[in-house]
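The next block holds one structure in the form of structure tokens; read it before the comments.
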């Protein structure tokens, strides 16, 4: 038991250090070495990437976007997206569970008033509102996780809404990553404004609106009942 706690503690410490070191410059400097290592150790590379993403999501570390792009660079668009969704959903679920424990008060205080605001919506609308928040990520990923935990959302609702909601953005970022090698080699930063291009954001807004349609209908019926 003591050994397990030490391993977990070491993993958390490593994640904090690594999370602060993840940057475009680091990715550019090491992309050739990482690509060769992934080719030589494909299974280990997949497991390490998923673990890194789980820790990043669970600990609300910065630069998850860079990690997602790195997934596309190292594994291609489709596999990178799958690994990102698995890691992000697992890490978010762990954060959800942790926020219900003794860590809950500390985590909620970190989120401040924004967590409380989102929590109120999630308490009323559950799956539909969470899906909308995931599809159009105007609220930080970790804030939504904490708000879902505070309102007592169950994993059977949280997990499918998270998976469905983060697939589009993950797919776009991994697609950028699959062709970003030359840009990084030239010392330039990838242009992520494509996420807000009309052909990306308008369909996502449409899907988010559809996900909230049952909520609006229930509200209308409830008002006239």
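The values are calculated or read from the model by the stated rules, or taken from the named source; none is laboratory data. Source: prediction; values computed, not measured. Don't worry about glycine lacking a Cβ; one is built from the backbone with ideal geometry, like all the others, and counts go over all protein chains shown.
At-a-glance table
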quantity: Some residue of segment 14-24 being buried (at least 21 other Cβ atoms within 10 Å of the Cβ) and at pLDDT below 90; calculated: no
quantity: Tally, over segment 141-152, of residues that are surrounded by fewer than 21 Cβ atoms within 10 Å (Cβ to Cβ), at negative phi and more than 12 Å from the chain's Cα centre (by Cα); calculated: 1
quantity: Hits in segment 156-168 - residues which are touching a helix residue (DSSP H, G or I) at 6+ places or on another chain (Cβ under 7 Å) and either at pLDDT 90 or above or surrounded by 23 or more Cβ atoms within 10 Å (Cβ to Cβ) (or both); calculated: 158, 159, 161, 162, 163, 164, 165, 166, 167, 168
quantity: Wholly enclosed helices (runs of 4 or more DSSP H) of segment 45-140 bearing at least 2 residues at pLDDT below 85 and surrounded by fewer than 18 Cβ atoms within 10 Å (Cβ to Cβ); calculated: 104-111, 113-125
quantity: Pair list, Cβ < 7 Å and 6+ apart or interchain, from segment 52-63 residues that are under 13 Å from residue 141 (Cα atoms) to residues that are assigned to a loop (DSSP other than H, G, I, E, B); calculated: 63/22; 63/23
